[in-house]
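I have placed the structure first, in the form of structure tokens, so that the comments after it can refer back to it.
The values are calculated or read from the model by the stated rules, or taken from the named source; none is laboratory data. Note that the coordinates shown come from a computational prediction; the quantities given were computed from them, not determined experimentally. So basically every Cβ, Gly included, is an ideal-geometry build from the backbone, and we count neighbours across all protein chains shown. We work out accessible area using only protein heavy atoms, side chains counted, and drop any ligands, DNA or RNA first. Shrake-Rupley method; radii C 1.70, N 1.55, O 1.52, S 1.80 Å.
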Amino acid sequence: MPIRKALVSKGLLSEEQLAEAERSHNGDQRIEETLVRNGLITERDLLEVYGEQYGMPVVELNEGDIDTDLLTLVPSQIVHKYFLMPIDRGDCGVRVATCDPNNLYALDELRTIINMPVEPVLASRPDINKMIKAFYGVGGEVLHEMVRERDGVEVIDEAGVDSSDLDVQMAQEASVVKLVNEILVEAVDQRSSDIHFEPFETDFVVRYRIDGILHRANVPAEIRRFQNAVISRLKILSGMNIAEKRLPQDGSFKIKVHGREIDLRVSIVPMAFGEGAVLRILDRTAIKLTLPELGMRGQTYDRFVDLINRPHGIVLVTGPTGSGKTTSLYAALSMIVSDELKILTIEDPVEYYLEGVNQVQVLPRVGLNFARALRAFLRHDPDVILVGEIRDLETAEVAINASLTGHLVFSTLHTNDAVSATTRLLDMGIEPFLVASSLEAAMAQRLLRTICKSCKEEYVPEHPESELPPDYGFQAGDVLHRGKGCRDCRGTGFAGRRALFELMTMNDELREMVVQRQSASQLVPVAKQNGMRLLRDAGWDLVREGVTTAEEVLRVTKV
């Protein structure tokens with residue numbers, strides 16, 4: 001029975017849908033592939049029908065199922081050319097996953113090359129693609145072609161020859177463009193926040209930062225031969241000077257992946273064995289712009305919402321780089337934006353654009369810094385001002401003056417906890433009475449990884465006294481949770497992140513202590529009496545709820 005008829009007989013497709021698909025079919029691909037592409041059937045449904053028609057089993061691929069000894073037996077060019085993935089040795093020969101059982105020529109060619117029987121099984125295209133990238137490397141097909149094209153060609157640069165023109169030519173070649181594109185797309189698919197290109201003496205390493213942790217990307221070793229072309233390609237995309245290899249450079253560019261616009265900020269720094277690059281990925285559609293989605297809840301949420309609706313004062317968010325401070329402030333602005341409020345921001349850079357908010361980016365080369373923009377903002381009749389970061393005394397003074405003259409000011413500081421925000425401002429040189437009268441609240445935050453829902457399991461710790469600190473308050477019989485590691489979380493046991501918050505709101509007692517220049521450690525007990533919960537305590541709540549692990553809380557809250 002033809003595949004299309006089998007789909008109808010199994011109730012996966014109606015006669016009308018099939019007729020419409022046949023009328024619009026252009027003949028470039030098989031009609032069943034068109035049905036999948038148009039969303040009329042799922043690939044899994046098609047594979048099940050293929051399996052019945054051809055007598056092939058349908059399998060789900062996991063990295064643990066792959067016999068790595070076979071990888072040297074099956075050439076990468078065959079894997080990429082025909083989209084096949086060797087799995088293991090079965091009773092009938094080498095088991096090979098394919099999503100196209102009609103391509104008998106591919107199986108025959110593989111059988112001839114390895115000189116062994118081949119047993120085809122069916123797997124989905126995303127599964128096969130994931131395994132190829134995991135075991136043969138991102139961009140492996142492209143690099144194979146590039147190496148083959150350049151075998152026997154040697155470029156000599158020892159005599160001081162200016163190779164900038166050659167770098168430009170190589171960077172613009174379709175193969176290099178495709179290689180860089182594949183690395184970028186893979187990073188977006190893996191939910192990376194940063195991509196690191198790192199040159200070493202004998203290697204050129206690509207790493208992705210996923211959920212705050214760096215993971216080495218599986219790219220073939222041949223990429224080392226093309227590191228200059230890859231860096232030059234990034235320079236071209238970012239509008240940098242290709243010929244300048246002695247000084248750091250910064251730039252940015254945009255790409256479109258899966259219909260989403262992605263902004264990338266690029267930093268290139270000369271290192272001992274070439275230039276290194278770091279790309280920050282800013283996915284506007286992926287950002288969560290509501291405080292509950294970020295993890296804020298309960299009394300902390302109620303108090304913070306009250307703060308952001310006040311008419312004046314300063315609200316500071318503190319924490320290390322990458323702790324989500326800017327995201328929290330964007331979430332706050334998105335809650336209060338309205339036709340009745342004039343909201344201005346000065347940022348370095350503008351990471352995400354918010355509807356109804358006037359956003360300005362600092363431009364140091366023309367003298368536009370935080371302090372200068374703030375002074376100009378005060379002549380624009382604002383209600384709310386966001387300052388990307390208070391870095392120096394001048395910016396701090398202007399921000400405080402703005403808050404004292406009837407404006408609500410949001411900003412960030414780099415401190416470890418909420419109470420240290422007051423001492424940091426004093427250390428900058430701000431008068432204590434100004435800090436006490438202007439600061440409404442300071443909120444510290446961290447991002448911690450959450451347990452993967454696909455492989456989450458319960459367990460009772462065997463030695464709680466050594467696994468958990470005393471402040472956790474472990475009771476006999478308490479059940480904890482962890483991730484076993486699966487394909488969805490790349491074996492880490494974690495998938496996604498959420499924020500921990502430590503909110504200190506000012507009262508008369510705290511203001512008086514600030515005026516007296518009392519230390520952060522002296523402020524903590526009073527702040528806790530006023531309702532502040534420490535980051536560690538908020539983390540233990542998530543451990544008890546099975547959201548994360550004790551190890552993760554200790555990792556992000558250690559001092």
| field | Nitroxide proxy distance, nm - points 7 Å out along Cα→Cβ at residue 431 and residue 17 | value | 7.4 nm
| task | Once you have the Cα-Cα distance between residue 558 and residue 509, take 0.36 nm times their residue separation minus that, and quote the gain in nm to one decimal. | result | 14.8 nm
| field | Set of lysines with alpha-carbon distance to residue 133 below 27 Å, sequence-local pairs under 8 removed | value | 81, 178, 235, 254, 256, 453, 456, 484
| Listed residues 532, 320, 98: farthest to the positive end of the dipole of the chain (Cβ charges) | 532
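On full extension of the chain, what length is gained from residue 102 through residue 528, given 0.36 nm per residue of separation minus the C-alpha to C-alpha distance?
Working: separation 426, 0.36 × 426 = 153.36 nm, distance 6.83 nm.
Going from the current span to full extension adds 146.5 nm.
Which order do the peptides 483-493, 177-187 come out in when sorted by mean C-beta neighbours inside 10 angstrom, highest first?
Most protected by this proxy first, the peptides run 177-187, 483-493.
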| remark: By the rule of another cysteine's Cβ lying under 4.7 Å, the cysteines of the chain that fail to get a partner are 92, 99
| Per the 1.4 Å probe, what fraction of the accessible area of the chain, in percent, lies on carbon and sulfur atoms? | 48 percent
| message | Need one number: the % of Cα-Cα pairs in the stretch 210-269 sitting beyond the 18 Å mark. | response | 52 percent
| request: Report ³J(HN,Hα) in whole Hz for each residue of the stretch 207-215, in order, from the Karplus equation J = 6.51 cos²θ - 1.76 cosθ + 1.60 where θ = phi - 60°; Gly and Pro get x. | output: 10, 10, 8, 10, 6, x, 10, 7, 10
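Can you tell me how the stretch 50-145 classifies by the Cα gyration tensor, rounded, prolate or oblate, using a/c under 1.5 as the rounded cut?
Working: a/c = 1.41, a/b = 1.28, b/c = 1.10.
Rounded shape, in that the Cα axes give a/c under 1.5.
State the percent of C-alpha pairs, over all pairs in the stretch 417-559, separated by a distance greater than 25 angstrom. Intermediate results must be reported in sequence, preceding the final value.
Working: 4178 of 10153 pairs.
The proportion of pairs with Cα distances above 25 Å equals 41 percent.
Over every pair of different alpha-carbon atoms in the stretch 177-281, take the mean of 1/r and invert it; report that Kirkwood radius in Å. Walk me through the numbers on the way to the answer.
Working: mean 1/r = 0.0723 Å⁻¹.
In the stretch 177-281 this quantity evaluates to 13.8 Å.
For the stretch 446-507, what does the alpha-carbon gyration tensor say about shape, rounded, prolate or oblate, given a ≥ b ≥ c as the root eigenvalues, a/c under 1.5 as rounded, and a/b over b/c as prolate? Can you show the working numbers first?
Numbers: a/c = 2.99, a/b = 1.18, b/c = 2.54.
Note, shape of the stretch 446-507 comes out oblate.
What value does the stretch 296-440 have for Rg/Rh, both radii from Cα atoms and Rh as Kirkwood defines it?
Ratio of gyration radius to Kirkwood radius for the stretch 296-440: 0.93.
Tell me the net charge near residue 528. Cut-off is 15 Å between Cβ atoms, residue 528 excluded, with +1 for each Lys or Arg and -1 for each Asp or Glu. Could the numbers behind the result be given before it?
Values: positive: 303, 533, 536; negative: 417, 471, 502, 509, 537.
Once all neighbours under 15 Å are counted, the net charge is -2.
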| remark: The helix 15-24 Cα axis meets the longest alpha-carbon principal axis of the chain at an angle in degrees, between 0 and 90 and rounded to 10, of 90 degrees
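Report relative contact order for the stretch 441-527 in percent, whole number only (criteria: Cα-Cα under 8 Å, sequence separation at least 6).
Values: 112 pairs, mean separation 33.8, N = 87.
So the answer I get is 39 percent.
What's the magnitude of the charge dipole for the stretch 191-242 around its Cα centre, counting Lys and Arg as +1 and Asp and Glu as -1 at the beta-carbon? Answer in Debye, nearest 20.
Numbers: 8 positive and 6 negative charges, 32 e Å.
Computed charge dipole of the stretch 191-242: roughly 160 debye.
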| field | Long-range amide H partners of residue 386 with built H, under 5 Å | value | 344, 345, 346, 410
| said: Highest mean first, how do 348-354, 550-556, 381-387, 229-235 rank when packing is the count of other Cβ atoms within 10 Å averaged over residues? | reply: 229-235, 381-387, 550-556, 348-354
| query | So how far apart, in nm, are the two label points at residue 260 and residue 201 if each is 7 Å from Cα heading toward Cβ? | reply | 4.1 nm
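Using the Kirkwood radius built from alpha carbon pairs, what does the Stokes-Einstein equation give as D for the stretch 255-351 at 37 °C and 0.692 mPa s, in µm² per second?
Details: Rh = 16.2 Å.
Rounded, D is 203 µm²/s.
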| message | From Cα pairs below 8 angstrom and at least 6 apart in sequence, can you work out the relative contact order of the chain, rounded to a whole percent? | response | 9 percent
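Could you tell me what fraction of 2.2 N^0.38 Å the Cα radius of gyration of the chain comes to, as a two-decimal ratio?
Cα-based Rg divided by the globular estimate yields 1.17.
Which FRET efficiency value, to the nearest 0.05, do you get for residue 361 and residue 312 by plugging their Cβ-Cβ distance into 1/(1 + (r/R0)^6) with R0 = 30 Å? Please report the intermediate quantities before stating the final value.
Values: r = 25 Å, r/R0 = 0.85.
Efficiency, from the Cβ-Cβ distance: 0.75.
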| said: Need one number: nm distance between label points at residue 81 and residue 62, each 7 Å from Cα along Cα→Cβ, rounded to one decimal. | reply: 3.3 nm
| query | Whose amide H sits under 5 Å from the amide H of residue 492, counting only residues 5 or more places off or on another chain, with H placed in the peptide plane? | reply | 486
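Any idea what the dipole of the stretch 340-402 comes to, in debye rounded to 20, about its Cα centre with Lys/Arg Cβ at +1 and Asp/Glu Cβ at -1? Please list the in-between numbers first.
Values: 6 positive and 11 negative charges, 61 e Å.
Computed about the Cα centre, the dipole is about 300 debye.
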| task | Leaving out ligands and nucleic acids, note down the accessible area per residue over the chain with a 1.4 angstrom probe, in whole Å². | result | 48 Å²
| Paramagnetic label zone (point 7 Å from Cα along Cα-to-C-beta, residue 471; backbone N under 14 Å) in the stretch 492-511 | 501-503
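Would you mind working out the magnitude of the charge dipole of the stretch 280-356 relative to its Cα centre, with +1 at each Lys and Arg C-beta and -1 at each Asp and Glu C-beta, to the nearest 20 Debye? Write down the numbers at each step before the final one.
Values: 8 positive and 10 negative charges, 49 e Å.
Computed charge dipole of the stretch 280-356: roughly 240 debye.
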| remark: Nearest-0.05 FRET efficiency for residue 460 and residue 297 at R0 = 22 Å, using Cβ-Cβ distance, is 0.20
| task | Choose one of 80, 455, 434: the residue whose Cα lies farthest towards the positive end of the charge dipole of the chain (beta-carbon charges +1 Lys, Arg; -1 Asp, Glu; about the Cα centre). | result | 434
| message | With unit charges on the beta carbons (Lys and Arg positive, Asp and Glu negative) and the dipole taken about the Cα centre of the stretch 171-221, which residue among 215, 199, 180 sits farthest to the positive side? | response | 215
| query | What fraction of the DSSP beta bridges in the chain is antiparallel, stated in percent and rounded to the nearest 5? | reply | 65 percent
